[in-house]
Amino acid sequence: MIHAYVFARLKPGTSESVMEKIPSITYVQSVSIVSGAYDMVVRVSVSHLEQLHDVTSTIHILPGILKTSTQIIEKEFSNAS
């Protein structure tokens with residue numbers, strides 16, 4: 001399984017409408033509004049890189065998305081209880 005984060009910059013005033021659309025995209029695990037250089041972080045899990053490309057292409061063309069940057073997770077640690 002390939003996991004990635006898609007960071008997105010949004011047009012001001014569009015976060016609610018974009019946030020409503022993202023969860024319905026296949027392979028999206030979660031979406032968060034954040035502060036900082038980007039406005040939104042989307043966690044994606046796919047089986048193949050072609051699927052990741054499809055997801056990022058779908059996100060990138062949504063109204064309100066100005067820019068995306070995709071980061072593939074190479075190794076992940078969790079502090080499971």
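Bear in mind that the values in this text are calculations on the coordinates, not laboratory data. From a predicted model like this one, the values you see are computed outputs, not experimental measurements. All Cβ positions, glycine included, derive from the backbone under ideal geometry; neighbour counts span all protein chains shown.
I'm trying to understand the selection: among the residues of the range 35-54, which are more than 10 Å from ALA8 (Cα to Cα) and surrounded by 12 or more Cβ atoms within 10 Å (Cβ to Cβ)?
ARG43, VAL44, SER45, VAL46, GLN51, LEU52, HIS53, ASP54
Given the residues ILE72, ILE59, ILE65, which is the only one that is in contact (Cβ under 8 Å) with a residue 40 or more places away in the chain, in contact with a helix residue (DSSP H, G or I) (Cβ under 9 Å, 6 or more places away or on another chain) and more than 24 Å from PRO12 (Cβ to Cβ)?
Among ILE72, ILE59, ILE65, only ILE72 is in contact (Cβ under 8 Å) with a residue 40 or more places away in the chain, in contact with a helix residue (DSSP H, G or I) (Cβ under 9 Å, 6 or more places away or on another chain) and more than 24 Å from PRO12 (Cβ to Cβ).
In the range 1-33, how many are in a loop (DSSP other than H, G, I, E, B), among the aliphatic types (A, V, I, L, M) and surrounded by 12 or more Cβ atoms within 10 Å (Cβ to Cβ)?
1
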